[in-house]
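A short worksheet on the structure shown next.
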Amino acid sequence: MKIDPQPPFEKYRVYKSFRQKEGRFYVTLVPSDGAHRIMSFARYVLSVRLGRELTADEEADHEDGNKLNDAADNLQPLTRLLNQRKSVLERGVSAEMVTLECPECGQPFQAEARNMRSRRKSGHNLFCSRSCSGKHSIKKRAFRPLRV
Ligand SMILES: [Zn+2]
């Protein structure tokens, strides 16, 4: 999806996309000449807020720990080392979260990793909402083949 470029990226065409593997949003920056660049959407938003690009040693940290919450006021610049320390601390006290794609509507959402492991074992899918879960089980019932 093309988005409006904001300073300091006004010289680029900017495309936003979701990357399933990393579980977060990214932007592709395409200059009028030369090679394109890819950075996390969080990094893009924080650079716009600060009015400058982050340095190689800075990372965009999500204050609430939710990697999908790329709101400008949820982001702060942290050096790589501090960010690593922070995530180690968070893992110790709060649940490990994973990003999944809802098998019914295809939207990314977050779930607790331990929750996911137990559901997988029992052969159930995880959904973004109760309504998606409901829709999915109705479909499954409708297409179940007849036992002979
Ligand atoms: Zn859904």
Query - Gaussian network model of the chain, Cα within-10 Å springs - most flexible of GLN76, GLN110, GLN84 - result: GLN84
**Report entry** Distance (nanometres) between label positions extended 7 Å along Cα→Cβ at LYS11 and VAL98
**Finding:** 4.3
**Report entry** Cβ-based charge dipole, the chain, positive-most Cα from TYR26, PRO77, LEU54
**Finding:** TYR26
**Report entry** Spatially proximal lysines relative to LYS135 (Cα-Cα < 24 Å; intrachain offsets below 8 disregarded)
**Finding:** LYS121
Query raised in the report: Considering only DSSP states other than H, G, I, E and B, which trypsin sites (Lys or Arg not before Pro) in the range 18-118 qualify as loop sites with at most 15 other Cβ atoms within 10 Å?
Result: LYS21, ARG52
Report summary line: With -39,500 (n - 2.57) per DSSP H segment of 4 or more residues and division by the full residue count of the chain, the 222 nm estimate, nearest 500 deg cm²/dmol, is -10000 deg cm²/dmol
**Report entry** Additional length obtainable on full extension of the chain from ASP64 to SER129, 0.36 nm per residue less Cα span
**Finding:** 21.3 nm
Report task. Taking all pairs of distinct Cα atoms, average 1/r, flip it, and tell me the Kirkwood hydrodynamic radius of the chain in Å to one decimal place. Result -> 17.9
Report summary line: Given Cβ charges of +1 for Lys and Arg and -1 for Asp and Glu, the option among ILE38, SER129, VAL98 whose Cα lies farthest towards the positive end of the dipole of the chain is SER129
Query raised in the report: Which aspartates and glutamates have a Cα lying under 14 Å from the Cα of LYS21, excluding residues fewer than 8 positions away in the same chain?
Result: GLU101
Query - 10 Å Cβ shell holding at most 12 others, DSSP loop, GluC sites (Glu not before Pro): longest site-free stretch of the chain - result: 23-95
Query raised in the report: Anyone know which of THR28, THR55, THR99 comes out most mobile in the 10 Å Cα GNM of the chain?
Result: THR55
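Every read-out reported here was derived from the displayed coordinates using simple, explicitly stated rules and does not represent laboratory data. The model shown is predicted, which means the values in this text are computed figures rather than measured ones. Counting neighbours? That spans all protein chains shown, and the Cβs are built from the backbone with ideal geometry, glycine included.
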